[in-house]
Each structure stands twice: as C-alpha cells, then as structure tokens.
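Report on the structure given below.
Each reported figure results from applying straightforward, stated rules to the coordinates on display, with no laboratory input. On a predicted model such as this, the values are computed, not experimentally measured, just so you know. All Cβ positions, glycine included, derive from the backbone under ideal geometry; neighbour counts span all protein chains shown.
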Ligand SMILES: Nc1ncnc2c1ncn2[C@@H]1O[C@H](COP(=O)(O)OP(=O)(O)O)[C@@H](O)[C@H]1O
C-alpha cells in the first residue's frame with residue numbers, strides 16, 4: 001500500500017479543542033507550523049477513536065497550506081508493512097525507500113501495528129535517521145506511549161522515546177456531543193443537541209464508534225432525529241441500561257400509560273397494552289421468550305412470540321400504537 005497525501009477533511013479548523021486533547025492539539029499545531037526543533041519526532045498516543053489520525057492529517061494539511069510545495073507523506077503501520085512486503089517481493093526496496101525518504105514531513109499512524117515486524121521496524125529506524133538528520137519532521141501516532149510499546153526493537157524504541165510525546169485522553173460528554181454535532185453538520189444530518197447528548201452518554205469514549213452510530217441512525221430514521229427514534233433504532237448498538245429495566249418496571253409503565261391497574265394488564269381484556277408490554281420486555285430487559293411469558297400470567301414462549309409479532313405489525317400500521325410504543329420506550333430507556 002503506497003503512502004498517501006493528507007486527507008483534506010481533517011483540519012485544525014474542524015478539530016474541537018477540549019481538556020482531553022488540548023496538549024496534543026497545541027503541540028501538533030507547533031509541529032505543523034515548524035515552530036519546534038525539527039530534529040525531534042513527535043508521538044501522539046491514546047486509545048482508538050480519540051482523534052490521533054485527525055491530528056496527524058491536520059498537521060499535514062496545515063503544512064500544505066503554508067507551503068503548497070511541501071511533500072507530505074501519510075502512512076499507517078499496516079500500510080508500511082504491506083508496502084514493504086510488496087517491494088521485497090518485487091525486488092524494489094530502493095523504490096520503497098524513496099517514497100518515504102523524499103518526505104518533508106512523514107505522518108506515521110498506528111505505529112503499534114509494527115509490533116513484532118522486525119524488518120519493517122528496521123526500515124522505519126533507517127527512515128527516522130535519514131529524515132531527522134536532514135531536519136525533516138516525523139509525527140507518529142500509536143495506541144500507547146512509546147515507553148509502553150511492546151514488540152518494538154530497542155533501536156526503534158530509543159528513537160520513539162527521543163521525541164516529544166503527548167497523549168489524548170478520552171473526551172468528556174460535552175466534547176463527544178460537540179464532535180457529533182459538528183460531524184452531523186458536515187454530513188447534512190439534522191441532529192438535535194439532546195440526541196447528540198443522548199448518544200454521547202451511551203457511547204463513552206470512541207468517537208469513531210459514535211460517528212458510526214450517527215450514520216446508521218441517519219440511514220434508517222426520518223430527520224430531524226428524535227430521542228425516541230435514536231433509542232429505538234440503536235437499541236442493539238448502544239448500551240441501554242438494560243439491567244436496570246425490569247419486567248415489573250415495564251409492566252408498571254405500560255399500565256400507568258394506559259390508566260389500568262398493573263394486575264389487570266395481564267388479563268386478556270387489555271390485548272394491546274399486553275402485547276406492547278411483552279414486546280418492550282423483550283427489547284429492553286435481559287429476558288428471553290422463555291422467561292418473559294411466565295412473568296405475564298404464566299404464558300408460554302409461543303404466546304409471547306405471537307404478541308411480539310402482532311405488536312410489530314401494529315407498529316407498522318397503527319400510528320397510535322407506534323406513538324404509544326415510542327413514548328414508553330422513551331420513558332423506560334432514556
Ligand atoms: N477533537 C475532535 N474534533 C473533531 N473531530 C474529532 C475530534 N477527535 C476525534 N474526532 C473525529 O473522531 C473520529 C475518530 O478519530 P480518529 O482521528 O480516527 O481517531 P484515532 O486515530 O485516535 O483512532 C474521526 O472522524 C475524527 O474526525
């Protein structure tokens with residue numbers, strides 16, 4: 001896999017600064033603007049989905065903005081390894097090296113993927129020395145600090161440790177929601193703030209996962225996206241606090257919604273609320289068909305299944321039922 005030029009979608013101007021990332025952001029901007037010593041590599045580290053790639057790409061784009069002739073090379077650990085393997089197979093290692101050593105700025109992502117890859121690590125060490133000697137910059141990103149990296153040979157580790165190392169921490173709720181709202185704007189998705197906060201509360205660290213949830217939601221829900229639709233559409237993706245939702249809580253909420261006594265809910269006189277309650281139990285609690293039935297007046301699994309199918313049909317055909325369902329889902333799951 002040949003190296004790439006920076007992806008213009010990731011810039012400093014759309015990188016939201018927060019306490020969790022401002023050290024890394026400030027250091028990245030300094031490197032981008034050539035304000036630090038060029039002979040020192042920089043390593044940005046932190047868990048997946050926290051913005052490391054975004055910052056690497058932003059550095060590249062900022063350098064290009066300041067100097068459109070600069071040669072910026074972006075590569076990942078996996079890509080580097082694959083590129084090297086292909087070059088070795090074709091006897092084209094000189095070409096491989098020249099793709100990287102001609103860089104004014106090398107952006108190397110997911111360096112931890114080189115763990116145990118002896119030859120690729122040796123090539124990176126060689127490249128390090130070639131670039132830093134001629135005062136060109138290297139910025140790397142990895143999932144842990146250079147100090148904690150395993151499977152990395154001593155000479156590469158020494159070089160990684162030479163540099164300025166900055167971490168990105170997991171973002172707080174406000175930052176998660178802000179990133180999501182910004183992505184929604186970019187992608188033309190109508191995402192009300194309360195839904196962004198709802199998603200941010202459920203998916204706690206990985207911003208990439210949060211973005212996938214948003215895209216999935218946008219693909220299957222009408223816009224603007226409401227809280228109820230978010231809770232419903234993403235029920236299998238995001239961690240609803242299932243364990244706190246008991247069969248009794250569902251029964252009480254349904255009975256209350258329809259103004260009937262919880263005991264009466266179990267009688268056949270209230271077919272619709274009963275179906276709804278069973279369907280909600282299957283969706284929101286940890287119990288399966290076999291367990292839900294007995295809690296509804298000793299019904300068997302087939303009866304629960306039938307009730308759920310009827311509830312599903314009613315959700316598709318009956319607007320009133322759909323509203324009741326969403327309302328109760330909102331009360332129970334949010
Ligand atoms: N501070 C931020 N501001 C705006 N978007 C961000 C921020 N941090 C992360 N993102 C977005 O979150 C997603 C995941 O970030 P990424 O850089 O791929 O994470 P990592 O490289 O740490 O796994 C990307 O779409 C990125 O644009």
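The label point for residue 256 and the one for residue 158, both projected 7 Å from the Cα toward the Cβ, are 6.8 nm apart.
At a Förster distance of 56 Å, what's the computed FRET efficiency of residue 99 paired with residue 173, Cβ-Cβ distance as r, to 0.05? Rounded to the nearest 0.05, the efficiency is 0.85.
For the chain, modelled as a GNM whose springs connect Cα atoms under 10 angstrom apart, the maximal fluctuation among 259, 60, 36 occurs at 259. Here the stretch 114-141 is scanned for amide nitrogen atoms under 18 Å from the site 7 Å beyond the Cα of residue 150 along Cα-to-Cβ, giving 114-118.
Residues in the stretch 138-182 near a label at residue 223, defined as backbone nitrogen under 14 Å from the 7 Å Cα→Cβ point? Counting backbone N atoms under 14 Å from the label point, the list is 181-182.
Please work out how much length the chain gains when fully extended from residue 71 to residue 312, using 0.36 nm per residue of separation minus the C-alpha to C-alpha distance, in nm with one decimal.
81.0 nm
Helix 301-317 against the longest principal axis of the chain: what's the angle in degrees, Cα atoms only, rounded to the nearest 10? That works out to roughly 80 degrees.
Averaging Cα coordinates gives a centre for the stretch 111-146 and one for the stretch 27-51; these two points are 14 Å apart. With 0.36 nm allotted per residue and the present C-alpha distance subtracted, the residue 205-residue 301 stretch has 30.8 nm of extension available.
Please report 281, 308, 220 as a ranked list, fewest other C-beta atoms within 10 angstrom at the top and most at the bottom.
So the ranking, lowest neighbour count to highest, is 220, 308, 281.
Once both axes come from the Cα atoms, what is the angle between helix 22-32 and the longest principal axis of the chain, in degrees from 0 to 90, rounded to 10? It is inclined by approximately 40 degrees. Note on residue 290 and residue 26: with the Förster distance fixed at 51 Å, the Cβ-Cβ geometry gives a FRET efficiency of about 0.35. Extension gain for residue 14 to residue 90 (0.36 nm times residue separation, less C-alpha to C-alpha distance): 23.3 nm.
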